[in-house]
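The values are calculated or read from the model by the stated rules, or taken from the named source; none is laboratory data. These figures come from a predicted structure and were not determined experimentally. Here the Cβ is made from the backbone with ideal geometry for all residues, glycine too, and neighbour counts use every protein chain on show. Areas reflect the complete protein model, heavy atoms only, side chains present, ligands, DNA and RNA absent. Shrake-Rupley method; radii C 1.70, N 1.55, O 1.52, S 1.80 Å.
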Amino acid sequence: MASGAAWARAALVMVAVIALDQGTKALVRSNVAIGDSDGVFPGVEIVHVRNEGVAFSRFSGGGTVVAVIVGAALLALVAYFVTHLDKPLVWLPTGMLLGGALGNVIDRLRDGAVTDFIKLPGWPAFNVADISITCGVLVLLYVTERPRHAAASDA
């Protein structure tokens, strides 16, 4: 795939993730009071939580440390993408990871914390950006570690 097409696809995925993430968070902020919860399905609740940390509330209050970690991770991701544009499907996890990270960065810049709203039993609340980051890591592992014959059939 031409490098321009890979950039365009990654950008499209990134924008879609940010739009879905910010749209769902806006719905929660306008319809669910902070601390409230509403059962949607057995074992799934919609909640409204402000998360000042990263990775399930770790590093809460870490301001500069969090910004440096996120910035370094994004730079490393873009560097990997730039040096592996010829790798089939590399645009997909790149867009997912950038979109998820930027979706949460937007919250931090606007509100000083991330809005989390999906709650499963025994698990901290999370959001669409977190889902995109988690799935993006899994897709990146697949793209980088899959057997050569699988990669050749995607080209």
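Scan the stretch 1-35 for residues that are open to solvent by less than 40 Å² (accessible area, probe 1.4 Å), charged (D, E, K, R) and under 30 Å from residue 84 (Cα atoms) and the total you get is 1. With respect to the conditions (1) β-branched (Val, Ile, Thr); (2) at pLDDT below 85; (3) open to solvent by less than 40 Å² (accessible area, probe 1.4 Å), residue 68 lacks only one, and its number is (3).
Scanning the stretch 110-143 for residues that are without any contact (Cβ under 8 Å) to a residue 60 or more places away in the chain and open to solvent by less than 60 Å² (accessible area, probe 1.4 Å) turns up 130, 133, 135, 136, 139, 140, 143.
Within the stretch 85-107, can you find the residues that are more than 14 Å from the chain's Cα centre (by Cα) and of a type in the set (D, E, K, R)?
Restricting attention to the stretch 85-107, the residues satisfying the condition of being more than 14 Å from the chain's Cα centre (by Cα) are 85-91.
Answer for the stretch 85-107, where residues must be more than 14 Å from the chain's Cα centre (by Cα) and of a type in the set (D, E, K, R): 86, 87.
State all residues of the stretch 42-65 that are assigned to a strand (DSSP E or B), at pLDDT 90 or above and open to solvent by 90 Å² or more (accessible area, probe 1.4 Å); if no residue qualifies, say none. Answer for the stretch 42-65, where residues must be assigned to a strand (DSSP E or B), at pLDDT 90 or above and open to solvent by 90 Å² or more (accessible area, probe 1.4 Å): just 50.
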